[in-house]
Amino acid sequence: MGVRFAVTGGREGWVRTILTAVGVGLGVALLLGAASVPEMMASRDIRNSARSNLGGEDLKPGPETLRVGQADTEFRDEPILGLLVRPDGDNPPVPPGLGELPGPGEMVVSPALAGFLKAPGNELLRERLDDRITGTIGDRGLSGPDEMIYYAGGTAEDFAGGRGYRIDHFGSPSVVDPLSPELLLLVVVACVVLLLPVAIFVATAVRFGGERRDRRLAALRLVGADGRMTRRIAAGEAMFGALVGLLVGGALFLALRRFADDVTLAGVSLFPHDIRPSAGLAALIAVAVPVSAVAVTLLALRGVAIEPLGVVRNTVPRRRRLWWRLLLPVLGVAVLAPMIGDFAGGTSTSNTGTYVVALGTVLLLVGITALLPWLVETVVGRFSGGPLPWQLATRRLQLSSGTAARAVSGITVAVAGAIAIQMLFASVEETNTRDTGQDTGRFQMQADTTIGSAAEAREFFGRFRTSEGSRSVASVVGASITEPEGKSPDPGFDSITVGDCASLRELASVGENCEDGDVFVTEVREDHGFAVPGGTVELAVGETGEPAEDSDPWTVPESARIVQPRTHPAGLDPSGVLATPSAVDVERLSGPMATVMIQLDPGEPDAVEHVRNTAAEISPLVDVYTLTSTSESEQFTTIRRGLFFAATATLLLIGASLVVSTLEQLRERRRLLSVLVAFGTRRTTLAWSVLWQTAVPVVLGLALAVAGGLGLGVLLLKMVGTPLAVDWGNLAAMAGIGGGVILLVTALSLPPLWRMMRPEGLRTE
């Protein structure tokens, strides 16, 4: 019978069912998206693992081997992955997504990179990647539709000097490093905070049209239905709305999924076929939503006496009890308190510990939500007098504060959780962000390559000295040295750096009286005691760090001065021997590496891109990168992107839920609005009353959220052993977001408000 009322109840029944279905559908769509996260991550990992190109140890060239080299680049903060390939035989491995390997002067690119190369303003990138495009990479070879990647054919010159490595296959098992305790705690709390508002909104949506439903149930009592029967009928009606909401949510999820490849957030894009919920989670959502609708409806009707001549709710309601509302956050604190210190100092914790944290967080946030109706009722009960719009709003809240409190409960939970996450996020960010030691004030870029001769090094350095965008450079050649064989049972190793005096001054305090032919030794360390003035070192070093077969000993001059090392611009350790070009022939060194440190021209906006183009002209395999003072762990960066994705979706849901809830409240008050208009009430007065009616619960909810969020944040920081730190700027920003929500919801509710404020609304059947 409840289902029949929802279907055959005329226009009112269908409007109520549609509003419930839309509200539930929005929540279901987001829940299905959240249930798709494991599949999304797994699909990306599978494709990334299938194209990985880890080189084998001592792999000899053969008909099935491939010479490869990393040719990654970047253009205006857009990362571009690249791989240079050169077959050793006629049956080389081919990466997924390609039909065949590109030849010299050819490249195969992803669709996103192909479009990026054609875009206006990207001429410098076209100069860098100027090979002829012979094809595009298929979906199997891409992590996402907007990924920019290319495979280019290489020449023998590109791989000269030992650049690159060999492989005989693409693909390797996916290895996922376990999350640190701090990151695990951040993920657990974020999942709870982001999904709890969705569950609260679904529970709120199934109660749409509650007042009209109760009057209809009173009519059923008048014709002979008892109380239990009316509750079952109400549960059936709510269940039908939830079932329709499941269909709406599934359709909305499928519709939005089709546009997934058009959206890129925080540098991450997804294929539509990657976004698919796991069967178990989808089944859980399909069962949980209608069951929750029935449970919420029966729970809501427990405090309502439906009699044949009316509903007791229309009289002065009984004041809400506080004790059980306080019990929930107290239980949450009691669950979380024993976990203090369990996530500190990299200490591992069990899976049970993460579940306990999730349970405690849910109890605390749900307790905050349960406190909101009591707080709104208590505060608005003390209001009296004031301007007419204020009186209309406060009187409405005094008569039915529960509906308004439920409408903003999602915001309360989201803001409280956001405050706690922000406090924890700042702590985890500090833990997972390290100082690179790079001095960006002296130089802003660095380029490295292996060389075979002094002439090759001079040409390499000269190209960057004359490069557009480069103001000055410091250039050195470095290699490893070791002790002569037999001198020590455990031979040590160190480094030797060859460069002109100006460049050596960037690495050590060599003084102004440096001349070509001088040799310097940095202060001796305990494990590097052989590289001293008058000591003998081995310039020919094998791959294992021991002296090579073709021994090449060299004696450090007695006149070598001991100098204090300076901080390397790239954050490296400039220890060992520092020599000018006349003192050591770089061709005697084993695997010498030429390094040029570049100071950019501040007057050239594309200085970085010009330098990268210069490096690409020399060889695509030249390592060139910008210097940064800090770096983040890859896991933390991935979690940051995931949080940005989820927070965006949750904010959109909260905004949509408030609009739907406000429209439902206005629809319930349509006759009252018509009466007020018929008596001559101004439209501006009613518009201001809607604003105040939305603002008061939101402001009270934000105040409660700040208090609860700070409390939860303190507990979380205690768990990771971090001192209390509050970002008051973020708190102000969240309050501003709440104010923006008030204005947005009011603005979107004005058009239907104008339509409802007509005297024709007094007509009835």
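The values are calculated or read from the model by the stated rules, or taken from the named source; none is laboratory data. Owing to the predicted nature of the structure, the values given are computational and were not obtained by experimental measurement. All Cβ positions, even for glycine, are placed from backbone atoms using ideal geometry, and neighbour counts span all protein chains on display.
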Next item on the list: Looking only at segment 71-81, decide whether some residue is free of Cβ contacts under 8 Å to residues at least 40 places away in the same chain, farther than 26 Å from VAL611 by Cα, of a type outside the set (Gly, Ala, Ser) and loosely packed, with under 15 Cβ neighbours inside 10 Å.
Entry: no
Checklist line | Count - residues of segment 117-134 that are in contact with a Leu (Cβ under 8 Å, 6 or more places away or on another chain) and farther than 22 Å from LEU621 by Cβ | finding: 0
Next item on the list: Looking for whichever is surrounded by fewer than 20 Cβ atoms within 10 Å (Cβ to Cβ), at pLDDT 75 or above and of a type in the set (A, V, I, L, M) here; the options are VAL362, VAL357. Which one fits?
Entry: VAL362
Next item on the list: From the list SER674, SER657, pick out the single residue that is crowded, with 19+ Cβ neighbours inside 10 Å, of a type in the set (Ser, Thr, Tyr) and modelled with pLDDT under 85.
Entry: SER657
Next item on the list: Please specify each residue of segment 585-607 satisfying the condition of being in contact with a Phe, Trp or Tyr (Cβ under 9 Å, 6 or more places away or on another chain) and either at pLDDT below 90 or assigned to a helix (DSSP H, G or I) (or both).
Entry: ARG588
Item checked: Qualifying positions in segment 684-709 - in contact with a helix residue (DSSP H, G or I) (Cβ under 7 Å, 6 or more places away or on another chain) and either more than 17 Å from LEU744 (Cα to Cα) or among the small types (Gly, Ala, Ser) (or both) -> THR685, ALA687, SER689, ALA695, LEU700, GLY701, LEU704, ALA705, VAL706, GLY708, GLY709
Note to self: Whether any residue in segment 262-279 is touching a Leu at 6+ places or on another chain (Cβ under 8 Å), in a helix (DSSP H, G or I) and either among the aliphatic types (A, V, I, L, M) or more than 16 Å from ALA199 (Cβ to Cβ) (or both) is what I want to check.
What the structure shows: no
Note to self: Just to be sure I understand, how many residues within segment 139-160 are part of a loop (DSSP other than H, G, I, E, B) and either free of Cβ contacts under 8 Å to residues at least 60 places away in the same chain or within 25 Å of GLU617 (Cβ to Cβ) (or both)?
What the structure shows: 7
Next item on the list: Among the candidates GLU515, GLU506, single out the residue that is under 15 Å from THR595 (Cα atoms) and modelled with pLDDT of 85 or more.
Entry: GLU506
Next item on the list: Would you check which residues across segment 113-138 are in a helix (DSSP H, G or I) and either among the hydrophobic types (A, V, I, L, M, F, W, C) or buried (at least 17 other Cβ atoms within 10 Å of the Cβ) (or both) and list them?
Entry: LEU113, ALA114, PHE116, LEU117, LEU124, LEU125, ARG128
Next item on the list: Return yes or no: is ALA426 at pLDDT 75 or above and not polar (S, T, N, Q)?
Entry: no
Margin query: So ARG434 ticks every box in (1) at pLDDT 70 or above; (2) among the basic types (Lys, Arg); (3) not in a helix (DSSP H, G or I) but one. Which box is left unticked?
Written below: (1)
Note to self: It is to be established whether one or more residues within segment 550-562 are surrounded by fewer than 16 Cβ atoms within 10 Å (Cβ to Cβ) and either at pLDDT below 75 or in contact with a Cys (Cβ under 8 Å, 6 or more places away or on another chain) (or both).
What the structure shows: yes
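The rows are residues; the columns are (1) in a helix (DSSP H, G or I); (2) in contact with an Asp or Glu (Cβ under 7 Å, 6 or more places away or on another chain); (3) within 28 Å of GLY27 (Cα to Cα); (4) at pLDDT below 80.
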{"residue": "LEU663", "(1), (2), (3), (4)": "yes, no, yes, yes"}
{"residue": "ALA687", "(1), (2), (3), (4)": "yes, no, no, no"}
{"residue": "VAL696", "(1), (2), (3), (4)": "yes, no, yes, no"}
{"residue": "ALA703", "(1), (2), (3), (4)": "yes, no, yes, no"}
{"residue": "VAL706", "(1), (2), (3), (4)": "yes, no, yes, no"}
{"residue": "LYS718", "(1), (2), (3), (4)": "yes, no, no, no"}
{"residue": "ALA725", "(1), (2), (3), (4)": "no, no, no, yes"}
{"residue": "SER749", "(1), (2), (3), (4)": "yes, no, yes, yes"}
Next item on the list: Scan segment 164-181 residue by residue and report those that are among the charged types (D, E, K, R) and at pLDDT 65 or above.
Entry: ARG166, ASP168
Next item on the list: Consider ALA35 carefully, then state whether it is out of contact with any Asp or Glu (no Cβ under 9 Å at 6 or more places or on another chain), under 30 Å from PHE240 (Cβ atoms) and hydrophobic (A, V, I, L, M, F, W, C).
Entry: yes
